[in-house]
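Below: the structure, in structure tokens.
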Amino acid sequence: MTKEPDILLHTYPWHQDQWHQVSQMIRQKRLPHALIIGGVPGLGKLTFAKRLAAALLCQQGEISDACGQCKSCQLLAANSHPDFKLMQPEESGKAILVDQVRNIQHAMATTAQQGGARVVIINGAADLNLNAANALLKQLEEPGDNSFFLLLHQWPKMLLPTVRSRCQLLDIIIPRPEQALSWLEEQLPEDDGNPRATAEKLIALANGGPLKALQLHASKAHELRHQMLVQLTAILRGNASSLEVAQSWHKQPLEQMLKWWIEWINDLIKLKMTGNTAHLANPDIIKLLQAVAQRSSIKAIYRLLHRLTEQLSFINQRRNLNNQLVCEELLHQWYLLVRSDTSL
Ligand SMILES: [Zn+2]
């Protein structure tokens, strides 16, 4: 694993073009007061935003990247810069609340304590609830002198139009495969026999986001996904029972597993409806999907999809579930899928 570079100047090779763009804007003093930084998970949007915040707050006026030396840079590195705020949901999976926005409003209404810029990063702008988004609007309309809002969002087009129209958009682009693969290969442990093949698999699973791919590797998620597919295939073939598989599943990260399963079922529906394999999100399992599509009815597929999404929302609401029972029931429906009447 490579050493973490200085937090203020931390950067990834695929940030280069966008960084060039913003650093020019800083130099020419035409960086917009509200910027949406968009891009799929795993591209390092927060890292990019922090570097930008550091550059804006740095007291070495002449440069377009933080100096790392001045008082402002030191405060920021120590996580105690009074004119820098990072706003994100207080708990993962929860919304950003209107009170959090009001606290920021209050802080932004006073003079910058270090006499320079003030920067707010909103990590997970998708998680602003409606009240919070409305409270933010006023801030975006009248940001005040030398104040900057950096909103991070996976799909900027899905932000409220009222918020979006007050911001300029900067997309962090998915790196070219060659760049993503060579970066990821460097991060993988040396004992991996075929780092290129592992990296390719991980990048595909992570939809192109190299950091997401690395995270998947660290959590051994790709192995879990592979194991799931082996077990689901065994159930279809009658080589494993739903009960057995449910017993091995119920202590696994069920939320992640249901998300994958839902993705596979969505691919299955696409395949069943169009017969086209070109736009599937999981091209590595085409054969399995084709076999299931041929032998199942669309009605049964939708019924399973409905149950899966319902269970996922129960998990998100932290309802107490008997995971083993839930898994068993879902797996039984999966078993019945290829035994459903395909004429329906
Ligand atoms: Zn500095």
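The values are calculated or read from the model by the stated rules, or taken from the named source; none is laboratory data. Treat the numbers as computed from the prediction; the structure is a model and nothing was measured. Cβ coordinates were reconstructed from backbone atoms using ideal geometry, including for glycine residues, and neighbour counts include every protein chain displayed.
Quick notes on this structure:
- Candidate set from the range 16-37 (those that are over 14 Å from Gly61 (Cα atoms) and outside any helix (DSSP H, G or I)); member that is farthest from the chain's Cα centre (by Cα): Arg30
- Within the span defined as the range 84-98, every residue fails to be within 13 Å of the ligand (Cβ to nearest atom), assigned by TED's automatic domain parsing to the domain that holds Leu159 and over 21 Å from Arg27 (Cα atoms).
- Test for Leu211: is it in contact with a Gly (Cβ under 7 Å, 6 or more places away or on another chain), outside the structural domain of Pro41 (by TED's automatic domain parsing), of a type outside the set (Lys, Arg) and not in a loop (DSSP other than H, G, I, E, B): yes
- In the range 67-82, residue nearest to Val120 (Cα to Cα) [restricted to those that are more than 6 Å from the ligand (Cβ to nearest atom) and among the hydrophobic types (A, V, I, L, M, F, W, C)]: Leu76
- Test result for Ala206, within 20 Å of Ala281 (Cα to Cα), in contact with a helix residue (DSSP H, G or I) (Cβ under 7 Å, 6 or more places away or on another chain) and not assigned by TED's automatic domain parsing to the domain that holds Thr47: yes
- Only listed residue being under 22 Å from Gly39 (Cα atoms) and either in contact with a Phe, Trp or Tyr (Cβ under 9 Å, 6 or more places away or on another chain) or modelled with pLDDT under 90 (or both), chosen from Ala213, Ala197, Ala204: Ala204
- Within the range 28-66, tally of residues that are within 15 Å of the ligand (Cβ to nearest atom) and either of a type in the set (Phe, Trp, Tyr) or over 11 Å from Leu150 (Cβ atoms) (or both): 12
- At least 3 residues being under 21 Å from Arg166 (Cα atoms), out of contact with any helix residue (DSSP H, G or I) (no Cβ under 9 Å at 6 or more places or on another chain) and modelled with pLDDT under 90 is the threshold, and among the helices (runs of 4 or more DSSP H) wholly inside the range 53-154 those reaching it are 98-109.
- Residues that are surrounded by 15 or more Cβ atoms within 10 Å (Cβ to Cβ), in contact with a helix residue (DSSP H, G or I) (Cβ under 8 Å, 6 or more places away or on another chain) and part of a loop (DSSP other than H, G, I, E, B) do occur in the range 188-196, at least one of them.
- Conditions (1) more than 22 Å from Leu46 (Cα to Cα); (2) surrounded by 13 or more Cβ atoms within 10 Å (Cβ to Cβ); (3) not acidic (Asp, Glu): number failed by Ser147: (1)
- Residues that are aromatic (Phe, Trp, Tyr) and under 22 Å from the mean Cα position of the chain (by Cα) were ranked within the range 128-181; the one that is farthest from Ile203 (Cα to Cα) is Phe149.
- Residue in the range 198-207 that is part of a loop (DSSP other than H, G, I, E, B) and buried (at least 20 other Cβ atoms within 10 Å of the Cβ) present: yes
- When Asn103, Asn123 are checked against the criterion of being touching a residue at least 24 places away in the same chain (Cβ under 8 Å), away from the ligand (no atom under 16 Å from the Cβ), within 15 Å of Phe149 (Cβ to Cβ) and out of contact with any Phe, Trp or Tyr (no Cβ under 8 Å at 6 or more places or on another chain), a single residue qualifies: Asn123.
- Looking across the range 297-321 at every residue that is at negative phi and without any contact (Cβ under 8 Å) to a residue 24 or more places away in the chain, the one that is surrounded by the fewest Cβ atoms within 10 Å (Cβ to Cβ) is identified as Asn320.
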